[in-house]
Every structure is written in structure tokens, then in C-alpha cells.
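Only the coordinates and a few stated rules stand behind these numbers; no lab work does. Given the structure is predicted, the values throughout are model-derived calculations rather than measurements. Cβ sites come from the backbone with ideal geometry, for glycine too, and all protein chains shown count toward neighbours.
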Amino acid sequence: MIDIIRNIFSDSTNETTKVEEDNADENLNRKKVTFFNSFKDSILFIDSNIFMDKRFGILFEFLEDIDINIIVLKEQYQELYNIKKNTTYRNSKKGKSVRNAFRIIDHFQEMNKLTIKGLDIESDLSIHVNPVLIKEIINLVTESKKVIFFTEDFDLKIRLREQLNQKNINKNLLIVYSYKDIEFLHQIKGEIQCPNCKQYMVPYIEVEEYPKEEEPILSYDFSDDYGAHIIKVTIQLCSKCHHEISRSSTSYYDPDYYRHQEY
């Protein structure tokens, strides 16, 4: 009777888990479709710091696979150039980040997905990026153009929204995204965030199996019972820092376990 109750409870738990997983998958797919559709017929602006932020690597992987027009203003490009020029150590964190920014811009320019607007032959060291960027975006939205803007700069977002309000512009024409809006892209790739190193990665799995009993219980009455209850432990590890993320165990009965151990 107890076993029957346990089985009913187990089946009920499994069914609940499956429903929750199905709902999570449905929500994830809905979010993916909404995000993907938002880029249709849109002009994309990306804040300079985003190009330098390695967390947004997942975004640039996504942008490689869609039809998009990325606009980089000459002031933004100059801002990145100034950072590179003023970075003392090539291998410093900032030095690596800005070189990565230029690699991304070069890559998307070669793919004909990125245009640097108004870039001059010579550099201009006196630049003020944000006012020019706000003006450019507002002008496009005023012309009923759809614009997507990626930024982590709260001041920039506040000023943009205020300009929309002051000019009574349709707010639906401008979508502002930040990192929290693209984290789900990691889930689509099967990636999770390691609680130790905080990086997103596809974890790797290790499996350990051992008998529940340390020693085989064999009698000398010529019994054919060579079985054992086996504990199977599944360990999920970070592929970056090898930190243990999760551990779960199940058990099963192997009727020939100790027979195999004899050879």
C-alpha cells in the first residue's frame, strides 16, 4: 500500500515538473519570437560601451544571423579610438575590451551589416557622443523610423525618454534594450550562469556509479544472487572554472553487478 502511494506521489510530481518545463519552454519561445520580430525593419544603434562589454558577446552572435542595419556614429568610433589611444597597457582589461570592440565593428562592417556614419579620414579628439547620439535617434523616430538602441547608460535612457515626451513622439517607434533583455539568449543556447565565476557556459556532466553496499553480500550456499543496488550520481560542472553546480542521484538494481566485478 505504501509503495502504491509512493508511486502515485512520484507520478504526480513528475507530471507537475513536466507541465512547469513545458510552460518555461513556451515562455522562452514567446520571448524569442517577440525579440526577433522587434528587429524587423528597424535601425539599430549600440552604445559604445556595449561593444566593449564581453557579456554582450551573445548579442553579437545573434545579430550575425539576422538581417540588420547597425549604425555607428563617427563620434562613437572616435570615442573608442580615444580609449585605445589613451590606454597605456595593451594587455590591460580596458585595452583588451577596446580591441575587441574594433574587432566586432570590423566584422560587422565586412558583413555589410554596419555603417559608420560620417567617419572622417582624420581623428577628432574633441567629441561629445551622447548629445549627438540622442539627436540622431530622435530625428529618425520623428521621421517614423523604427529604432532599437542597446545601452546600459541610465542617464542616456532618461534623456532619450524625456526627448520623446517633450516632442510628443510615438514611443513605440523606439525600443531600448539592456543586458537583462538578452539574458534569455543564453538559455536558447543551453547555457547557464555559473554561481562561482558568473560566466555563462554549457556545463559538462560527470557520472559516478557505485554499489549501495561497500562489500558484496555473497553466501556460500551456491546462491546465484550477484545483484546490487547501484547509486548513480550525476554531477553538473562549470566548463569554465570546473565549479560543481549541481548534484543529483538515482538508484537502480543490477542483478549481475558482482558477477561482472569478478572479471
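In a fully extended conformation the segment linking Lys113 and Glu152 would gain 11.8 nm over its present Cα-Cα distance, using 0.36 nm per residue.
Its residues counted as N, region 22-188 yields a C-alpha radius of gyration over 2.2 N^0.38 Å of 1.08. Give me the net charge for the shell around Leu174: Cβ to Cβ below 9 angstrom, other residues only, Lys and Arg +1, Asp and Glu -1. My count for the surroundings of Leu174 gives +3.
Between Lys240 and Arg103, the simple spin-label model (points 7 angstrom out along Cα→Cβ) gives 1.6 nm. Ordering Thr250, Thr115 by the number of other Cβ atoms within 10 Å of each residue's own Cβ, fewest first, gives Thr250, Thr115. Modelled label positions at Ile134 and Thr34, each set 7 Å beyond Cα in the direction of Cβ, lie 2.8 nm from each other. Could you list the trypsin sites (Lys or Arg not before Pro) in region 68-118 that lie in coil according to DSSP, counting only those with at most 15 other Cβ atoms within 10 Å of their Cβ? Sites meeting the loop and neighbour criteria: Arg90. Here the gap between Asn165 and His186, fully extended at 0.36 nm per residue and compared with their Cα-Cα distance, gives a gain of 4.1 nm.
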